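Input: one structure, supplied below.
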Amino acid sequence: RGLPFVATNWLRTYLRPDMKVFEYGSGASTIFMAQRAGEVFTVEHDKLWHAVVSEALQQRDITNCVYQLREPSFDQEGPSTSSGDRVRTLIADPSERENPGVHFDSYIAAIDIHPVETFDLVLVDGRARLACMKRAVPKIKKGGYLMLDNANDGRLVDCLELMRSYHRSDLHGIAPGWPPARWTTALWEIA
C-alpha cells in the first residue's frame, strides 16, 4: 500500500525541483517523489523489493534517485547503534519480540553521509523507525519536514513521543489498495 491520498496530495503541493528528499523504505512514494523533487536518496532493506523498485525506476527513466540496498544483519546479541539505540526490530524500537536477532544498523546509518540540514523532507516508512527518526532530524533543513507513515500504529508511540516538541499535523485518510484502508501519516515541521 502507498501513502494515504491526503499525504500524496500534500507532497504534490510541497515538493519542487530544487528540493532534496531522503526516504527510509521504498515503493510508489519513491517514484512519486523522484518525479517532483530534484534529488531523492532512498534506502531499502529488502533485496527482492529493491529489485522491483529498481526496475520501476529504470522503466520510467528516473535518474535523480540514489537508491541503496542495506540489508539487515542477523546475530544473537543485537548491536547498539552509535547513538546507543538497540536496533533489533521490524518496524519500531523496542519491540524486539517481533524480530529477535535482526538489526538494521547499516540501513539506519545510510543518512549519516549527508551533512546536517541537507534535506527538505525525510520520509520514514521502513524499518527501525525510531532510530531512523533520531538520525534524520538533524539532517532536515530548518522549515523542512519529517514525515512518518502509519503513525496511528500503536507500536510507534515512541516515535511520536520523540517528536513531541515539534508542531505535528496528521494526514489521515484512505490509502491506495484493496480492501480500502485508513491510516495516518504524521508530519512535523522542523523549526
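Is it true that Ser83 is outside any strand (DSSP E or B), modelled with pLDDT under 95 and among the small types (Gly, Ala, Ser)? Show your work before the answer.
Numbers: outside any strand (DSSP E or B): yes; modelled with pLDDT under 95: yes; among the small types (Gly, Ala, Ser): yes.
Yes, satisfied.
Is it the case that some residue within region 147-167 is free of Cβ contacts under 8 Å to residues at least 24 places away in the same chain and assigned to a strand (DSSP E or B)?
Taking every residue of region 147-167 in turn, none turns out to be free of Cβ contacts under 8 Å to residues at least 24 places away in the same chain and assigned to a strand (DSSP E or B).
How many residues are without any contact (Cβ under 8 Å) to a residue 24 or more places away in the chain and part of a strand (DSSP E or B) if we restrict to region 168-191? Full working, then the answer.
To start, the set of residues in region 168-191 that are without any contact (Cβ under 8 Å) to a residue 24 or more places away in the chain comprises 168-170, 178-180.
Checking the rest, the ones that are also part of a strand (DSSP E or B) come to 168-170.
Looking only at that region, the number is 3.
Give just the number: which of (1) farther than 22 Å from Leu130 by Cβ; (2) aromatic (Phe, Trp, Tyr); (3) at pLDDT below 95 does Tyr14 not satisfy?
(3)
Follow-up question, since we're still on this one. Just name the residue that is nearest to Tyr107 (Cα to Cα) out of those in region 135-191 that are modelled with pLDDT under 95 and of a type in the set (Lys, Arg).
Among them, the one singled out is Arg155.
Of all residues in region 114-140 being among the charged types (D, E, K, R) and either touching a Gly at 6+ places or on another chain (Cβ under 6 Å) or farther than 20 Å from Ser29 by Cβ (or both), which is surrounded by the fewest Cβ atoms within 10 Å (Cβ to Cβ)? Full working, then the answer.
As a first pass, look at region 114-140 and keep what is among the charged types (D, E, K, R): 117, 120, 125, 127, 129, 134-135, 139.
Of the ones still in play, those that are also either touching a Gly at 6+ places or on another chain (Cβ under 6 Å) or farther than 20 Å from Ser29 by Cβ (or both) are 117, 120, 125, 134.
Working: Glu117: 14, Asp120: 22, Asp125: 21, Lys134: 18.
Out of the qualifying residues, it is Glu117.
Go through region 28-76 residue by residue and tally those that are touching a residue at least 24 places away in the same chain (Cβ under 8 Å), loosely packed, with under 13 Cβ neighbours inside 10 Å and more than 19 Å from Ala110 (Cα to Cα).
Qualifying residue count, region 28-76: 3.
Got a number for residues in region 1-29 being out of contact with any Leu (no Cβ under 7 Å at 6 or more places or on another chain), more than 17 Å from Ser169 (Cα to Cα) and assigned to a helix (DSSP H, G or I)?
Of the residues in region 1-29, 1 are out of contact with any Leu (no Cβ under 7 Å at 6 or more places or on another chain), more than 17 Å from Ser169 (Cα to Cα) and assigned to a helix (DSSP H, G or I).
Would you confirm, using the coordinates I've provided, whether His45 is within 14 Å of the chain's Cα centre (by Cα), more than 25 Å from Ser169 (Cα to Cα) and not acidic (Asp, Glu)? Quick ask: steps written out before the conclusion?
Working: within 14 Å of the chain's Cα centre (by Cα): yes; more than 25 Å from Ser169 (Cα to Cα): yes; not acidic (Asp, Glu): yes.
So His45 fits the description; yes.
The values are calculated or read from the model by the stated rules, or taken from the named source; none is laboratory data. Not measured: the values here are computed from a predicted model. Every residue, glycine as well, gets a Cβ built from its backbone with ideal geometry; the counts of neighbours run over all protein chains shown.
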